[in-house]
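Asker: A single structure is presented below for examination.
The values are calculated or read from the model by the stated rules, or taken from the named source; none is laboratory data. Bear in mind that the values here come from a model prediction, so they are computed numbers and not experimental data. Counting neighbours? That spans all protein chains shown, and the Cβs are built from the backbone with ideal geometry, glycine included.
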Amino acid sequence: MASSAVITSVRQKYQALAPFFHEKARRCWAACEAMALGRGGISVVAAATDLARPTIRRGIAELQAGDYSPDATQPDHPRHRSPSSHPSVAISLDDPSADIPIMGTKPAE
């Protein structure tokens with residue numbers, strides 16, 4: 001087992017960065033720390049961060065596979081559509097003759 005100084009160091013880094021992480025970033029950061037520590041690194045990072053070992057292993061696999069997609073954890077997660085591809089948009093933003101209401105103005109009579 002690693003020294004308590006190593007665990008404390010990893011814990012301090014994690015606590016400083018945790019508010020900025022989303023799920024995948026957390027996994028990948030933990031994976032980088034574990035790989036940098038070498039043998040036993042997964043156990044050290046798991047002890048310091050309370051992340052599960054399988055979570056850290058998954059991060060290592062993602063890094064080794066070169067998986068740089070922003071949200072690979074939820075492939076069915078709905079993405080925001082651009083207005084031009086959204087089916088409920090009935091007007092063309094490129095059509096200058098389109099009657100587009102402007103906020104704060106009264107409709108023409």
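Asker: Which of the residues belonging to the stretch 5-22 are small (Gly, Ala, Ser) and in contact with a helix residue (DSSP H, G or I) (Cβ under 9 Å, 6 or more places away or on another chain)?
Answerer: Here is the first cut: in the stretch 5-22, the ones small (Gly, Ala, Ser) are 5, 9, 16, 18.
Passing the criteria: SER9, ALA18.
Asker: Looking only at the stretch 1-33, which residues are farther than 23 Å from GLN64 by Cα, in a helix (DSSP H, G or I) and not hydrophobic (A, V, I, L, M, F, W, C)?
Answerer: Selection gives SER4, THR8, SER9, ARG11, GLN12, GLN15, PRO19.
Asker: Which condition breaks for ALA36 when tested against (1) touching a residue at least 24 places away in the same chain (Cβ under 8 Å); (2) part of a helix (DSSP H, G or I); (3) more than 20 Å from the chain's Cα centre (by Cα)?
Answerer: (1)
Asker: Only one of these conditions is not met by SER43: (1) under 15 Å from the mean Cα position of the chain (by Cα); (2) more than 24 Å from SER69 (Cα to Cα); (3) among the polar types (S, T, N, Q). Which number is it?
Answerer: All conditions are met except number (1).
Asker: Looking only at the stretch 39-54, filter to residues that are out of contact with any Ser or Thr (no Cβ under 9 Å at 6 or more places or on another chain) and over 20 Å from GLN12 (Cβ atoms); which one of those is surrounded by the fewest Cβ atoms within 10 Å (Cβ to Cβ)?
Answerer: My answer is ARG39.
Asker: Right, another one. Filter the stretch 43-88 down to the residues that are part of a loop (DSSP other than H, G, I, E, B) and hydrophobic (A, V, I, L, M, F, W, C), then identify the one that is modelled with the lowest pLDDT.
Answerer: ALA72
Asker: Considering each of GLU23, GLU33 in turn, give the residue that is closer than 30 Å to SER4 by Cα and modelled with pLDDT under 95.
Answerer: Every option except GLU23 fails the conditions.
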